[in-house]
Each structure stands twice: as structure tokens, then as C-alpha cells.
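Notes follow once the structure below has been shown.
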Amino acid sequence: MDSKGAVELGAKTMAVQALMIAYATDGRTSMQSSEYRESYSDVTIDLEEAKYANPNPHKSLEVFMAFCKLQDMSTYASRRAYVQELYADILLDLKRIQRHSPASKNWSKANDALADELVPVRTQWLKAKNFIYSASPDYENSIKESISSVESSLMVLLDEPNGTLGKIIKQASLDADIERLITQAYGYASNKDFVRHGGTVASALSRAEAEFFLEFSATSIVYITSRLKSKK
């Protein structure tokens, strides 16, 4: 996607957000429901073409409001914050494209691999990248989402929704040395303070480690999906 496409998709996405916020706060009109259904459909198609998973599960404003009530989002502020968070990672990445900022070298390969039943994992992968390149980088959470996206890919492809990487990777029948590397990377992330668990001392992790894990996870996802999908 080029800068112009990123601008257009960002505008469409924010239009969907605006309809949700207006409907859930104090700007409701009779035309919003039909406008939203059409806009939601268009944005979903455009996001998929751009290799993004639509993080918004609400296909109508009525369904969205029912969700707000179930989640006890009783204030305008809580509903507004929820809507803004829904598309935050995608909008951040679209801004990165507009600025021509660097992305993961293996981003396109990993993103292409996260297709079909793995589409939901794209959102997790996108978080890993955006935690690095946001205005306030969070390297610990980037590493967490990177290795977790590998774990999620295994869980989906092996049909082990309650499994963990360390327990189910043997089922994948990967090359033994590559399996060991992935397992060690998972162990590294688990052992570092503030990554997969809490901590008691300040983290020394930097952009270098976060970018290493982003690239390592991308390569692992491409390899794992290639191996496991070829067996189906």
C-alpha cells in the first residue's frame, strides 16, 4: 500500500469510528444504522485487501450498543475509549506508511502467511510491530506479542486452543534444530521481567531486542505455516 492508499483507508476507518462514537454518545440520528452497515462492509473489504484483520466485531450499531450494555460501559467516556482502541493499531500502522517509516523486513511474508484461519493472529502481529514504532515505544510488550503470535499460530494450526508453545510445538514435527530455536526464544521471553510476566527491576530491553524478536517471529511464522499447511 502506498501513502495515498493509507490516507484513504485511514479516513474510511475513522469514519466508521465516528459513527460508532456518535451513536453511543449524544449524536444519534436515524440514518446512522444504514450508513454504518455500508461503511463497515467497505472498510472490512478494504482492510482485508490491505492484509489487515478487521478488529471490529460489531456488524451493526445495534449489536455494538448491546455489547456496551453487556460490558457495563455506562459512560460516554468508556464507550468512546473502547471505539478509539479498536482501530488504534491499524491507524498507527497507516500513519507509519504515510510517513514512509520502516517496517519489519519480513512483514509482508508473515502477513501473507497469516491468512485463512490465521487472520485473527494478524492483529497480534500488528501490535508487536507497532509497539516498536509508536511515539512511545514499548519494547517489552512488542517482544511479548511477537513470540505470542508464533504461539497463536501453532495453537490454531494444531487445533490446540488451550495449549502453550512449550507444550504443543512437538506436535508440529518441525526440524529439530529450528524447534529448539523457537522454544529457546519462547523461554527467553518468559524469563525476562515485564515481558510475559511481571518484574521487580527496571527492564534493560531495547529496540534492538524488540526488532530481533519481530524478525525472528516473522521468519518462524512463515516457516511454521509452510510446514503445517502443507500437511493438510
So, Leu92, is that one in a helix (DSSP H, G or I), within 22 Å of Val7 (Cα to Cα) and either out of contact with any Ser or Thr (no Cβ under 8 Å at 6 or more places or on another chain) or assigned by TED's automatic domain parsing to the domain that holds Thr44 (or both) or not? yes
Residue count, segment 9-35 (criterion: without any contact (Cβ under 8 Å) to a residue 12 or more places away in the chain, part of a helix (DSSP H, G or I) and either over 20 Å from the mean Cα position of the chain (by Cα) or within 16 Å of Lys59 (Cα to Cα) (or both)): 3
Could you check segment 169-219 and list, in sequence order, the residues that are at pLDDT 75 or above, assigned to a helix (DSSP H, G or I) and loosely packed, with under 12 Cβ neighbours inside 10 Å? Lys170, Ala176, Asp177, Gln184, Ala208
Only one of Glu85, Glu62 is of a type in the set (Asp, Glu) and either without any contact (Cβ under 8 Å) to a residue 12 or more places away in the chain or crowded, with 16+ Cβ neighbours inside 10 Å (or both), namely Glu85
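Between Leu154, Leu118, Leu126, which is over 15 Å from the mean Cα position of the chain (by Cα) and either of a type in the set (D, E, K, R) or assigned to a helix (DSSP H, G or I) (or both)?
Answer to the check: Leu154.
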Of all residues being part of a helix (DSSP H, G or I) and among the small types (Gly, Ala, Ser) in segment 36-59, which is surrounded by the fewest Cβ atoms within 10 Å (Cβ to Cβ)? Just the residue, please. Ser41
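The values are calculated or read from the model by the stated rules, or taken from the named source; none is laboratory data. Worth saying up front: this structure is predicted, and the values here are computed from it rather than measured. For neighbour counting, all protein chains shown are included, and Cβ atoms are generated from backbone atoms with ideal geometry for every residue, glycine included.
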